[in-house]
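Right, one structure below, let's go through it.
The values are calculated or read from the model by the stated rules, or taken from the named source; none is laboratory data. Here the structure is a predicted model, which means the values were calculated and not measured. Every residue, glycine among them, receives a Cβ derived from its backbone with ideal geometry; neighbour counts consider all protein chains shown. Heavy atoms of the whole protein, side chains included, go into the accessibility calculation; ligands, DNA and RNA do not. Shrake-Rupley method; radii C 1.70, N 1.55, O 1.52, S 1.80 Å.
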Amino acid sequence: MLKINKFDRIVVANWKLNGSIEFIEQYLKELNCSKLENSSICGIICIPSVYLHDLAGKLNPLFLGGQDCSNYNKGAYTGEVSASMLKDSSCQFCIVGHSERRQIFGQSNKDICIKVMNLMAHNINPIICIGETYEEKSNNLTKDILYTQISKSIPENATQDSVIIAYEPIWAIGTGLTPSLEEIENIHFFIKNEIQNFENYKILYGGSVNSNNASEIMGLNNVDGVLVGGASLDALEYKKIMNS
Ligand code: 13P
């Protein structure tokens, strides 16, 4: 498994349910990986699993990631993709617990904890998403929700070197809204300093990140990078965010 702590900054692209062979060809051209500096920035592109083979070996110095993995390792689970299959497909990272998987597909903290363990057992670094709804925020429940998500979805054998946490307020995803810089800094401070054992974890911010706001967000204390949805579908925009 890759040692995450050697990187200063992590910039994750989450394509969600987007992409095609044609899109991938164009994306690779625009990304022009051979010209990307092999530096302290860890760029990770998380794509639909059927296309992993089309990007395998073509992203260096960036890394390839999945968007979810099965709770199960093998057997009669039609439609599932296991951690070992992701590993076979050159995945080094995998998003788990994205709010879209939690809300639309009913995944619980317990499911996510199992997925994280499966990924770690196959030497894939999990990127664990947490975040509150607007209603929870309005009711001042953000910290309670995050505490529960963290304590229930991160297994005891997780380490700062293996697991990345991504704070994505659900109301900020795809809406163009973001918390204030102060709010982001406060939440990241809370995760690192007020929940025990997480002070040296890498914590990313996600939700309506683009090349206009990436630099100030990544400049905040305790923010170690960003998780980007919509804006990452444009390779040039993704590169700009990496270099912000
Ligand atoms: P947007 O960047 O489109 O708001 O999506 C964020 C996200 O869900 C990344 O995982």
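If a/c stays under 1.5 just call it rounded; otherwise compare a/b with b/c (prolate if a/b is bigger, oblate if not). Do that for the stretch 1-99, with a ≥ b ≥ c from the square roots of the Cα gyration tensor eigenvalues. It comes out oblate by the Cα gyration axes.
Annotation for the stretch 115-142 versus the stretch 19-36: alpha-carbon center distance of 29 Å.
Size of the stretch 106-233: Rg and Dmax of its alpha carbons, in Å, are 14.1, 39. Here the chain is assigned +1 on the Cβ of each Lys and Arg and -1 on the Cβ of each Asp and Glu. Its dipole about the Cα centre then comes out at about 560 debye. Under the combined filter of DSSP loop state and at most 11 neighbouring Cβ atoms within 10 Å, the stretch 42-108 retains these chymotrypsin sites (Phe, Trp or Tyr not before Pro): 105. Measuring only protein heavy atoms, the 1.4 Å probe finds residue 23 accessible over about 60 Å². Each Lys or Arg adds one and each Asp or Glu subtracts one; over the other residues with Cβ under 14 Å from the Cβ of residue 74, this totals -1.
What pairs in 3/240; 29/202; 58/115; 58/110; 152/202 have C-alpha atoms more than 23 Å from each other?
3/240; 29/202; 58/115; 58/110
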